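Colleague: Can you keep this structure in mind? I'll have questions shortly.
Every number here is computed from the coordinates shown, using simple stated rules; none is lab data. Only a predicted model underlies this, so the values are computations on that prediction, with no experimental measurement involved. With ideal geometry, Cβ positions are generated from the backbone for all residues, glycine too; neighbour counts draw on all protein chains shown.
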Amino acid sequence: MWHKISFRLLKQELRRGELTIMALAIILSVTAVLSLSIFSDRLQAGLTERSSEFLAADRVLSSRRDIPQEWLEQAGQMNLKTAWKVVFNSMAFADGNMTLVDVKAVSEGYPLRGELEIADQPFGQGYVARGLPAEGEAWVASQLFQALQLEIGDDIEVGNSSFKVTKVVTYEPDVGFSVFTDSPNVLIRHSQLEETGLIQPGSRVRFNVLMAGESNAIDAYEDWLLPRLNDDTHSWRSIEDGDSPLSRSLNRAERFMMLASLLGVVLAATAVAVAAQRYCQRNYDVVAIFKTLGASRQQIRRIFMLHLLLLTAASVAIGMALGWALQYLVIEWVAQKLDATLPQAGWQPYVLAGATGVISAVMFTLYPLFRLVSIPPLRVLHRQLTAGNAVRWLQWILSGGTIYALLVIYSQQWWLSTALFAGGAVAAVLLLGLGRLFISASRKAGMQAGSSWRLAMAGLQRRAAANSVQMLSFSTAIMLLLLVIVLRNDLLEDWKSQLPADAPNYFAINIAEDKVDDMQTMFERENIPSTDLYPIVPGRLTHINGEKLLDEVTKEDRDDNEAEGREGIGRELSLTWRDTLPPNNELTAGEWWGDDAEPQVSVELNVSERLDIKVGDELRFNLGGEEFTVPVTSLRKADWNTLQPNFYMIFNTSTLEDFPATYITSFRLGEDRKDELYQLFKPFPQTSLIDLDAMINQIREVIGQVSLAIVFVLVLVIIAGALVLVAQVQASMEERQKELVILRTLGAPGKLLSRSITYEFLVLGAISGLIATLAMEVSLFILQNQVFNMTPVIHWKLWLLGPVFGAVVVAVLGRLSCHRLIQRNTAQLIRKLA
Amino acid sequence: MLIQAQQLEKTVDTSEGPLQILQPINVSINAGDTVAIVGASGSGKSTLLSLLAGLDLASSGEVLIENEKLSELDEEQRAKVRADKVGFIFQSFLLVPSLSALENVMLPAELAGHKGAEKEARELLAKVGLEDRWHHYPNQLSGGEQQRVAIARAFVGQPKILFADEPTGNLDAKTGGKVEELLFDLNKDYGTTLVVVTHDQRLAERCQRVLQMEAGQLSEAAQDVA
């Protein structure tokens, strides 16, 4: 019988909208979790795939010696695509000119990820290459045309072979980014490698096999391959291991998404809790009537449990459908906008979303339900009777435990969850205290104000206990909203600042000393924005404080040479001198030299940490046979994300100026002026240009994708926040209703009432907003410091915006919810209460 | 003896110390009696009703319904007693807002697991003149109609005792009169024992016995008038 009663009640409760907020909250949490986790799964996979373009593959097996053919065959059998890429340095000759080049011999299929772009003229507009150079042909970089005075159709000689230059390589996905070490590229077919005669035992060649395929095929191959690798000769790389210029940004984006989703889930769970509590409170009378009419506890428990179960099941199902549709639409949109396809996600998001819905519905409803069942029947005569508060701790344990469990399930990082949870708990206690303090302060202020205000403040004060709990959820919602919005802006700003619209898109290197003035004049005359010209002197760091450094070029070399010694950089460095600290550099220790003529050096922070160099250490350098020792007088943090020349070692002018140097600069030339490039640089034949546009575009695209994802997360969190606010305002209506009836009966005009309600919510909202801003700044400081590795800033604007936003939103919501109450006539209200 | 109260006392704790709401009360009500409890507001009428109906427990003393001591029963067992033997009518009607008139009337019978609850409920609704309103929800009914539904609900399952707390208190005189009429008619038909707490002199006068409540003390105010 009980289930019939239960169904009947449920049907009407649903129809009357009593369960809407609760259902919406469950639906939202399921929708949010499902769509976000599918979305981020797919986006992550998509981004990895996209970032894989930096490798031109999903994985690269790299070796100093030839790679066994059997390993390639095995990869083929495991459904992986493979391609060769053999790279070495050689001299290239053309018509009496010669220069050092990077020869890249690739096989059919290259690149496995990303596209190779070529042009018909040096520095011309690139287009996607179909295939590879034909036998006997070579595609070469634009710079080589300058260095060797080439024309399309000319021959170049590399080793024993001669190749006809037929195209210009404008973009190779795996070109990497190293201004100083790369010579211009010559792309030939792998099949012609042997004829060149350049692959000899002992020659410095890097053999690479590129591989791409489904992630499980790659994992399987990895399992097969890894035991066969020799750590000293082989390396097995994925994009995550690489120093992709994007990896840091991607990392941050991923953390942001996870955090925002977590907060979204917590918000939705809060909405469930608030709505459940309200639902149960509304049913106190019903339960009292039921008990009076002879219902047992068990009957009541079953009746309402069934509601909960049905509601949960339906909401979870709707949430799943919505979540799936949402991520599908968004993915389609993203894919269309960015011209990319994103791989499918696995089954995990569905389980995660279902579990989240069920857990938050069940756990947050248990305590209110427990109280509901214990309502005494005597309430039919004494309406003020409610359930005892004896097991209040149960509520704290249940809801706290649930939130913690959700955090752990969702982030799968117990330390992050524990930190967030502990922080949240402390914040909640502080917020409760602060809330009460503010309310009592505003009460005093309100006593001096007009009647609507006085009424509002009296209301606030009277409901102080309820209000401070209410304020806690207002504050939490506003805080999380602000947090996500601000964090998003900071992240985007941070990325934008790395890639401003006027970011340099070319590096010019090898500028001869006697051409420096001409080049500066040319930049000025042609109105081309450029960075300073930096002199470069190649040199080696050989000793730190008299201790000899390992000259570690490769691990093999280390094995051959000495096993002991202090770790060094292992390659020739580009040294520079300057009087002033370069832009985007920040001194972290010591002092800049200014006019001091004593020989000294400033060391970049990362290198100083790697080599354990401190201010005051003595460094010995070898520059083309000439040795000298200088003290370190400062350490610098350089921003490696800016596309400007950066240096590990900067000397004061007097130390280096007598060494022969070439110069480097970066400059910006708009797309529309690209064809002028050849003419502009004709007077500087020794100078090489490196085109960064392709790389910049790639970074922009990825950042674009991530930004879209972040907007999506933001919208979900905003909806969750709004839901909490609405649930909370509605929950407080019951209480207000009684007062309204009394005041109304006593003849209070509607205007006075609606104003006093508006003011009350205005104050509640403003205080919540203020507390939220405070809490947001604190959490943001910790997050930016600990999670995102960003420099925290104080957001002064928000200190005004937070309270105003809180006041307006809460007041509007409150006023809207009360609207119907005020519109009704007193008799109707009394009847509704009775 | 259907209902007996022996040395029944009720004391509650207040901020100014314990407050005795009911002085020791002794009263016996026979099956089929109609009893009115009258008295000023705050005299303890409703408290007495709640103790007699087993909605609350006495501080001391005993209530027996058909010789069963309520103090020896736990809340569940008292609920069972109410389900089997007791019906209620309240001043504020106390219908379940999410159930239709018919469903409200069926409710006690369904909770007690009776079969044929719907048929019985329809008959009762017809008796109170609401046969065409059975599918309406409480907020769609007037006060008088709601109280008629409550009366129908009180009689469903044919309880031995009917407790009514100010059944006409929320109604105008005319409607109140009709409701009163209905209550007594049904009571007669079903032979129920009626215990009614009221301010309404006319209503009290229709009862066989009138008990006067004054500052927690109960006295017989009138002899059989019927």
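Colleague: Restricting the calculation to Cα positions, tell me the Rg (one decimal) and the Dmax (whole number) of the range A:63-238 in Å.
Modeller: My reading of the Cα-based Rg and Dmax gives 16.8, 52 Å.
Colleague: Something else now. With each pseudo-label sitting 7 Å past Cα toward Cβ, what's the A:ALA419-B:GLU9 distance in nm, one decimal?
Modeller: 6.4 nm
Colleague: If you don't mind, another one. Could you sort A:154-160, A:262-268, B:48-54 so that the peptide with the highest average Cβ count within 10 Å comes first and the rest follow in order?
Modeller: Answer by packing, highest mean first, reads A:262-268, B:48-54, A:154-160.
Colleague: Considering only DSSP states other than H, G, I, E and B, which trypsin sites (Lys or Arg not before Pro) in the range B:97-205 qualify as loop sites with at most 12 other Cβ atoms within 10 Å?
Modeller: B:LYS115
Colleague: Give the average, rounded to an integer, of partner chain Cβ atoms located within 10 angstrom of each Cβ in B:104-117.
Modeller: 4
Colleague: List the trypsin sites (Lys or Arg not before Pro) in the range A:593-698 that DSSP assigns to loop (not H, G, I, E or B) and whose Cβ has at most 15 other Cβ atoms within 10 Å. Which are they?
Modeller: Taking the range A:593-698 and a limit of 15 other Cβ atoms within 10 Å, the loop trypsin sites (Lys or Arg not before Pro) found are A:LYS614.
Colleague: Oh, and also: Between B:GLY176, B:GLY113, B:GLY61, find the one with the highest GNM mean-square fluctuation for chain B; connect C-alpha pairs within less than 10 Å.
Modeller: B:GLY113
Colleague: Per q in 0.11, 0.12, 0.13, 0.23 Å⁻¹, report the Debye log10 I(q)/I(0) for the range B:8-120, using one uniform scatterer on each alpha carbon and no solvent.
Modeller: Results for the range B:8-120 at q = 0.11, 0.12, 0.13, 0.23 Å⁻¹ read -0.47, -0.55, -0.64, -1.38.
Colleague: If you count, for every residue in B:44-53, the Cβ atoms of partner chains within 10 Å of its Cβ, what is the mean?
Modeller: 2
Colleague: Also, I was wondering about something else. Can you compute log10 of I(q)/I(0) for the range A:604-654 with the Debye formula, treating each Cα as one identical point scatterer, at q = 0.17, 0.19, 0.23, 0.28 Å⁻¹?
Modeller: Taken in order of the listed q values, log10 I(q)/I(0) reads -0.60, -0.73, -0.98, -1.19.
Colleague: Let me ask you something else. Of A:TYR221, A:ILE152, A:ILE27, whose Cα points farthest to the positive end of the dipole of the protein assembly as shown (charges on the beta-carbon: +1 Lys, Arg; -1 Asp, Glu; origin at the Cα centre)?
Modeller: A:ILE27
Colleague: Taking only DSSP H segments of four or more residues, each worth -39500 (n - 2.57), what value at 222 nm results for the protein assembly as shown once the sum is divided by all its residues, to the nearest 500 deg cm²/dmol?
Modeller: -16500 deg cm²/dmol
Colleague: Work out the length of the dipole vector of the protein assembly as shown about its Cα centre, built from +1 on the beta-carbon of each Lys and Arg and -1 on the beta-carbon of each Asp and Glu, and round it to the nearest 20 debye.
Modeller: 8300 debye
Colleague: Between A:HIS382 and A:VAL808, what is the FRET efficiency for a Förster distance of 45 Å, r being their Cβ-Cβ separation, to the nearest 0.05?
Modeller: 0.65
Colleague: Taking the highest mean first, how do the peptides A:275-281, A:348-354, B:7-13 order by number of other beta carbon atoms within 10 angstrom per residue?
Modeller: A:275-281, A:348-354, B:7-13
Colleague: May I ask for the net charge around A:ALA129, where only other residues with Cβ less than 11 Å from the Cβ of A:ALA129 are counted and Lys, Arg are +1 while Asp, Glu are -1?
Modeller: -1
Colleague: Okay, moving on. Between A:SER707 and A:LYS797, what is the spin-label point distance in nm, taking each point 7 Å from the Cα along the Cα→C-beta axis?
Modeller: 1.6 nm
Colleague: On to the next question. With the Cα gyration tensor of the protein assembly as shown giving a ≥ b ≥ c as the square roots of its eigenvalues, does the rule (a/c under 1.5 for rounded; else a/b larger than b/c for prolate; else oblate) give rounded, prolate or oblate?
Modeller: prolate
Colleague: When averaged across all projection directions, what area in nm² does the alpha-carbon convex hull of chain B cover?
Modeller: 12.5 nm²
Colleague: Of A:ASN97, A:GLN74, A:LEU187, which is farthest towards the positive pole of the range A:63-238's charge dipole, taken about the Cα centre with +1 and -1 on the beta-carbons of Lys, Arg and Asp, Glu respectively?
Modeller: A:GLN74
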